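Asks: Here you go, one structure.
The values are calculated or read from the model by the stated rules, or taken from the named source; none is laboratory data. Keep in mind that this is a model prediction, so the values were computed, not measured. Note that each Cβ is placed from the backbone with ideal geometry, even for glycine, and that neighbours are counted across all protein chains shown. In case anyone asks, the SASA skips ligands and DNA or RNA and just uses the protein heavy atoms, side chains included. Shrake-Rupley method; radii C 1.70, N 1.55, O 1.52, S 1.80 Å.
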Amino acid sequence: MTVRVPVATTTRHYEVVVGRALLTSLSALIPSAGESERLVVVSDDNVAPLYLDTVAGGLRAASFDVSSVVIPHGEAQKTLATLETVYGALYGAGLTRRDVVVALGGGVVGDLAGFAAATFQRGVRLVQVPTSLLAMVDASVGGKTAVDYRRGKNYVGSFYQPLVVVADLDSLATLPEREVRSGWAEVVKHGLLAGGETLDLVEGGAATHERPSERLIETQVACKASVVARDEREETGERAQLNLGHTIGHAIEAATGFRRYTHGEAVALGLRATLWLSERLCGLSGADADRAQRIISAVGLPERLDDVDPEAVRSLVRRDKKADRKGVGYVLLSRFGAPAPGVRVEERLEAEVIEWLQRR
Ligand SMILES: NC(=O)c1ccc[n+]([C@@H]2O[C@H](COP(=O)([O-])OP(=O)(O)OC[C@H]3O[C@@H](n4cnc5c(N)ncnc54)[C@H](O)[C@@H]3O)[C@@H](O)[C@H]2O)c1
Ligand SMILES: [Zn+2]
């Protein structure tokens, strides 16, 4: 069954369409598609061989002029240099502002193609077609687009909402196990932030070691959509909650050259550190912290941080986009469902938690 989750932001109202066999019929799902003639599909070299022909074929059958650009996969490609390759393809295709960029892939493609669409000619239309679990439940929803700059994770980017997000659950069938686990990291994050039944659902799903159920994915999309609707541009603090685990997670990704850990794995380590800090600084109970650590383990996400200079992680934490001159405001948890944003963590404790993460 196809489910449509509305996302109502100040800049655009759109839908996340979650269902099966959607890739062939993309043209029918793009609002006011008739006004556009050209589409450029951006994908990566893992996803393109699997789905590009299906997507492009369906769009051509609907009389679109379709071209594509395929970038190498992986976070290390989320750079200005790759962005320039994508601009080249948009320019080469003669894209106009009425035309459409289709981001077909995981969060890396979504963030990068999204930023290309946001900036090319000051903004062309964008359709997100997430194919990884992580991109379906998190990255494709809400309009954050970016590339990394040097060791600055997501340092160059913008808020730019798509026309529609089309999540075809069938595409998860080819997603490698490691990437399924990575997606679970954001699923667990949403569960910790929501608490209650949502966390129970996440915990139940985590225990099965399988791909999340349709229901779980839909719930997650709805959670993300409601946060984004309340605070599109991270202004009131509500959306900032979604950075749970990301302050240390992003620093770990950067400290390891965006290559050793997937984003989800780094976030899982960041979540573990967040739970440790929450117990010490925000009154999260030991039993709850242990329960959450067990959920992360049940999914098969990393237990510890291997072989990284702790000082490198700490100096990158200070470069976090949420940092000001006084330091970083961490998102911690006082209970499940009760995030505490903007918590300052003393340097000594920051060093201690990274050390704990390395020897646990
Ligand atoms: N914009 C946001 O709000 C937001 C939120 C969360 C994460 N992110 C970003 O998302 C990125 C992580 O996303 P990701 O985990 O999807 O990474 P990814 O895009 O690198 O995809 C993971 C891997 O799976 C492959 N893949 C994707 N779909 C596949 C499929 N259906 N079959 C086979 N292989 C497939 C990709 O080629 C890649 O190798 C990070 O850069 C992160 O910063 C953004
Ligand atoms: Zn994330």
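Asks: Only one of 76, 48, 56 is in contact with a Lys or Arg (Cβ under 6 Å, 6 or more places away or on another chain) and either under 21 Å from residue 23 (Cα atoms) or surrounded by fewer than 20 Cβ atoms within 10 Å (Cβ to Cβ) (or both). Can you tell me which?
Replies: Working: 48 fails: in contact with a Lys or Arg (Cβ under 6 Å, 6 or more places away or on another chain); 56 fails: in contact with a Lys or Arg (Cβ under 6 Å, 6 or more places away or on another chain).
Just a single option satisfies the conditions, and that option is 76.
Asks: From the set of residues in the stretch 209-235 that are within 11 Å of ligand 1 (Cβ to nearest atom) and among the aliphatic types (A, V, I, L, M), which is surrounded by the fewest Cβ atoms within 10 Å (Cβ to Cβ)?
Replies: That would be 227.
Asks: When you scan the stretch 252-270, how many residues do you find that are more than 13 Å from ligand 1 (Cβ to nearest atom) and under 18 Å from residue 320 (Cα atoms)? It would help to see each step written out before you state the result.
Replies: Going residue by residue through the stretch 252-270, those that are more than 13 Å from ligand 1 (Cβ to nearest atom) are 255-257, 260, 269.
With under 18 Å from residue 320 (Cα atoms) added as a condition, the list becomes 255-257, 269.
Selection size over the stretch 252-270: 4.
Asks: Inspect the stretch 274-292 for any residue being crowded, with 19+ Cβ neighbours inside 10 Å, outside any helix (DSSP H, G or I) and away from ligand 1 (no atom under 13 Å from the Cβ) and give the result as yes or no.
Replies: yes
Asks: Kindly check whether there is at least one residue in the stretch 242-250 that is over 16 Å from the mean Cα position of the chain (by Cα) and either under 17 Å from residue 185 (Cβ atoms) or touching a residue at least 40 places away in the same chain (Cβ under 8 Å) (or both). Show your work before the answer.
Replies: Residues of the stretch 242-250 over 16 Å from the mean Cα position of the chain (by Cα): none.
Checked against the condition, which is being over 16 Å from the mean Cα position of the chain (by Cα) and either under 17 Å from residue 185 (Cβ atoms) or touching a residue at least 40 places away in the same chain (Cβ under 8 Å) (or both), the stretch 242-250 yields no hits at all.
Asks: Out of 61, 21, 33, report the one residue that is of a type in the set (A, V, I, L, M), surrounded by fewer than 15 Cβ atoms within 10 Å (Cβ to Cβ) and within 19 Å of residue 164 (Cα to Cα). It would help to see each step written out before you state the result.
Replies: Values: 61 fails: within 19 Å of residue 164 (Cα to Cα); 33 fails: surrounded by fewer than 15 Cβ atoms within 10 Å (Cβ to Cβ).
One residue alone meets the criteria, 21.
Asks: What residue, of 181, 150, is within 16 Å of ligand 2 (Cβ to nearest atom) and either of a type in the set (D, E, K, R) or in contact with a His (Cβ under 7 Å, 6 or more places away or on another chain) (or both)? Show your work before the answer.
Replies: On the way: 150 fails: within 16 Å of ligand 2 (Cβ to nearest atom).
The conditions single out 181.
Asks: Ok, one more. Looking for something among the β-branched types (Val, Ile, Thr), open to solvent by 10 Å² or more (accessible area, probe 1.4 Å), within 15 Å of ligand 1 (Cβ to nearest atom) and closer than 23 Å to residue 75 by Cβ - is there at least one such residue anywhere in the stretch 236-249? Spell out how you get there, then give the answer.
Replies: Within the stretch 236-249, the subset among the β-branched types (Val, Ile, Thr) is 236, 247-248.
Subsequent filtering for residues that are open to solvent by 10 Å² or more (accessible area, probe 1.4 Å) retains 236.
So of that shortlist, the ones also within 15 Å of ligand 1 (Cβ to nearest atom) come out as none.
Looking through the stretch 236-249, none of the residues is among the β-branched types (Val, Ile, Thr), open to solvent by 10 Å² or more (accessible area, probe 1.4 Å), within 15 Å of ligand 1 (Cβ to nearest atom) and closer than 23 Å to residue 75 by Cβ.
Asks: One residue is enough: does the stretch 310-330 have a residue meeting the conditions open to solvent by less than 30 Å² (accessible area, probe 1.4 Å), within 16 Å of ligand 2 (Cβ to nearest atom), of a type outside the set (Gly, Ala, Ser) and under 21 Å from residue 224 (Cα atoms)?
Replies: Within the stretch 310-330, one or more residues are open to solvent by less than 30 Å² (accessible area, probe 1.4 Å), within 16 Å of ligand 2 (Cβ to nearest atom), of a type outside the set (Gly, Ala, Ser) and under 21 Å from residue 224 (Cα atoms).
Asks: I'm told residue 7 meets every condition in (1) assigned to a helix (DSSP H, G or I); (2) under 27 Å from residue 239 (Cα atoms) except one. Can you identify the failing condition by its number?
Replies: (1)
Asks: Okay, next question. Show the residue pairs meeting these rules: Cβ distance below 8 Å; 6+ apart or different chains; first residue within the stretch 16-31 and among the polar types (S, T, N, Q); second residue surrounded by fewer than 14 Cβ atoms within 10 Å (Cβ to Cβ).
Replies: Pairs found: 24/57; 27/61.
Asks: Filter the stretch 111-134 down to the residues that are of a type in the set (Gly, Ala, Ser) and within 16 Å of ligand 2 (Cβ to nearest atom) and list them by number. Working first, answer last.
Replies: First, pick out the residues of the stretch 111-134 that are of a type in the set (Gly, Ala, Ser): 113-114, 116-118, 123, 132.
Across the stretch 111-134, the qualifying residues are 114, 132.
Asks: Confirm whether residue 266 is open to solvent by less than 10 Å² (accessible area, probe 1.4 Å), of a type outside the set (S, T, N, Q) and more than 21 Å from the chain's Cα centre (by Cα).
Replies: Working: open to solvent by less than 10 Å² (accessible area, probe 1.4 Å): yes; of a type outside the set (S, T, N, Q): yes; more than 21 Å from the chain's Cα centre (by Cα): no.
No: the conditions fail for residue 266.
Asks: Could I ask something else about it? Among the residues of the stretch 293-307, write down those that are surrounded by fewer than 19 Cβ atoms within 10 Å (Cβ to Cβ) and either among the β-branched types (Val, Ile, Thr) or part of a helix (DSSP H, G or I) (or both). Quick ask: steps written out before the conclusion?
Replies: Our first condition is that a residue be surrounded by fewer than 19 Cβ atoms within 10 Å (Cβ to Cβ); within the stretch 293-307, this holds for 293-294, 297-298, 300, 303-304, 306-307.
Selection gives 293, 294, 297, 298.
Asks: How many residues are polar (S, T, N, Q) and more than 16 Å from ligand 1 (Cβ to nearest atom) when one looks only at the stretch 86-135?
Replies: To start, the set of residues in the stretch 86-135 that are polar (S, T, N, Q) comprises 96, 119, 121, 128, 131-132.
Applying the additional criterion that residues be more than 16 Å from ligand 1 (Cβ to nearest atom) yields 96, 121.
Counting residues in the stretch 86-135 that are polar (S, T, N, Q) and more than 16 Å from ligand 1 (Cβ to nearest atom) gives 2.
Asks: Of all residues in the stretch 210-232 being among the polar types (S, T, N, Q) and part of a helix (DSSP H, G or I), which is farthest from residue 173 (Cα to Cα)?
Replies: Step one: of the stretch 210-232, the residues among the polar types (S, T, N, Q) are 213, 219-220, 226.
Those left that are additionally part of a helix (DSSP H, G or I): 219-220, 226.
Working: 219: 20, 220: 19, 226: 28 Å.
Across the stretch 210-232, the extreme among qualifying residues is 226.
Asks: A further question on this structure: Taking residue 199 as the residue in question, decide whether it is part of a helix (DSSP H, G or I) and either touching a Lys or Arg at 6+ places or on another chain (Cβ under 7 Å) or within 15 Å of ligand 2 (Cβ to nearest atom) (or both). Please lay out each step first, then the result.
Replies: Values: part of a helix (DSSP H, G or I): yes; either touching a Lys or Arg at 6+ places or on another chain (Cβ under 7 Å) or within 15 Å of ligand 2 (Cβ to nearest atom) (or both): no.
In short, no.
Asks: Specify which of the listed residues (194, 173) is of a type in the set (Gly, Ala, Ser), open to solvent by 10 Å² or more (accessible area, probe 1.4 Å) and within 10 Å of ligand 1 (Cβ to nearest atom).
Replies: Answer to the check: 173.
Asks: Do we find a residue being part of a helix (DSSP H, G or I), open to solvent by less than 40 Å² (accessible area, probe 1.4 Å) and over 15 Å from residue 273 (Cα atoms) anywhere in the stretch 331-342? Give the steps one after another, and end with the answer.
Replies: First, the residues of the stretch 331-342 that are part of a helix (DSSP H, G or I): none.
Looking through the stretch 331-342, none of the residues is part of a helix (DSSP H, G or I), open to solvent by less than 40 Å² (accessible area, probe 1.4 Å) and over 15 Å from residue 273 (Cα atoms).
Asks: Filter the stretch 276-311 down to residues that are touching a residue at least 60 places away in the same chain (Cβ under 8 Å) and not polar (S, T, N, Q), then give me how many there are. Quick ask: steps written out before the conclusion?
Replies: To start, the set of residues in the stretch 276-311 that are touching a residue at least 60 places away in the same chain (Cβ under 8 Å) comprises 276-278, 280-282, 291-292, 295-296, 298-301.
Keeping just the survivors that are not polar (S, T, N, Q) gives 276-277, 280-282, 291-292, 295-296, 298-301.
The number of residues fulfilling the criteria is 13.
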